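Report on the structure given below.
The values are calculated or read from the model by the stated rules, or taken from the named source; none is laboratory data. Since we're looking at a predicted model, the values are computed, not measured. Using ideal geometry, Cβ is built from the backbone for each residue, glycine included, and neighbour counts are taken over all protein chains shown.
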């Protein structure tokens with residue numbers, strides 16, 4: 001079963017700049033799927049369309065069809081899409097809005113008007129899963145880069161969307177931070193969640209099931225890592 005279906009997708013911003021050209025691919029439920037490419041290739045734009053941020057919060061012209069589970073995000077809107085695909089931005093600081101870890105994890109559930117007992121139970125589950133036990137009242141500003149990234153992932157997962165979208169989750173992290181985030185991604189895989197990762201350095205995501213490589217807004221290749229590596233020098237710019 002496909003979690004995401006993209007067919008003949010084209011996208012242009014309001015200024016007329018075309019970013020994506022005739023993109024087609026699917027992501028299976030439970031798959032770890034990487035969208036790779038150099039800066040400006042359209043990686044983040046593609047993910048924003050999948051998550052409904054484009055065209056509802058960021059305007060532009062979307063052509064073609066994008067299906068996420070049972071809805072089309074460009075038509076359905078942000079609230080419905082967010083329950084199916086949650087996106088973690090590259091800059092964790094820009095996504096964290098609360099002054100304690102506990103409040104950050106509860107924020108999205110409170111906005112969904114969940115019952116207090118349900119919120120308490122879910123927050124407690126996330127605190128244990130993501131290693132924040134005993135740190136509930138800690139200000140996120142005092143966390144390491146890796147811990148901040150974990151917090152943003154945990155907060156996006158609070159409503160339990162079946163799809164998690166991560167925009168360069170390993171960017172700017174030291175070795176310890178990268179290990180924390182990779183472990184969190186592996187847990188989502190084991191739980192059956194679909195994970196879509198934006199990355200420009202394929203060496204960091206060799207654990208993925210498939211890589212989609214974008215080049216100048218087009219899909220250059222979509223295959224398992226071993227098949228991409230077999231392409232040799234054709235993709236060496238992503239593996240240097």
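The table that follows gives values for the structure above.
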item: Number of the exception - residue 75 against (1) assigned to a loop (DSSP other than H, G, I, E, B); (2) closer than 30 Å to residue 8 by Cα; (3) free of Cβ contacts under 8 Å to residues at least 40 places away in the same chain; result: (1)
item: Wholly within the range 182-234, strands (runs of 3 or more DSSP E) carrying at least 1 residues that are at pLDDT 95 or above and touching a helix residue (DSSP H, G or I) at 6+ places or on another chain (Cβ under 9 Å); result: 194-199, 210-215
item: Criterion: closer than 29 Å to residue 80 by Cα and out of contact with any strand residue (DSSP E or B) (no Cβ under 7 Å at 6 or more places or on another chain) - qualifying residue of 151, 180; result: 151
item: Residue check, residue 82 crowded, with 18+ Cβ neighbours inside 10 Å, out of contact with any strand residue (DSSP E or B) (no Cβ under 6 Å at 6 or more places or on another chain), at pLDDT below 95 and at negative phi; result: yes
item: Filter result for residue 156 (within 19 Å of residue 85 (Cβ to Cβ), under 14 Å from the mean Cα position of the chain (by Cα), in contact (Cβ under 8 Å) with a residue 40 or more places away in the chain and not in a helix (DSSP H, G or I)); result: no
item: Test: residue in the range 22-37 that is assigned to a strand (DSSP E or B), at pLDDT 95 or above and more than 19 Å from the chain's Cα centre (by Cα); result: yes
item: Failed criterion for residue 95 (all others in (1) touching a residue at least 40 places away in the same chain (Cβ under 8 Å); (2) under 21 Å from residue 124 (Cβ atoms) hold); result: (2)
item: Residue within the range 114-133 that is more than 29 Å from residue 56 (Cα to Cα), surrounded by fewer than 18 Cβ atoms within 10 Å (Cβ to Cβ), under 20 Å from the mean Cα position of the chain (by Cα) and free of Cβ contacts under 8 Å to residues at least 60 places away in the same chain present; result: yes
item: Residue match in the range 164-172 (condition: assigned to a helix (DSSP H, G or I), closer than 21 Å to residue 122 by Cα and in contact with a strand residue (DSSP E or B) (Cβ under 6 Å, 6 or more places away or on another chain)); result: no
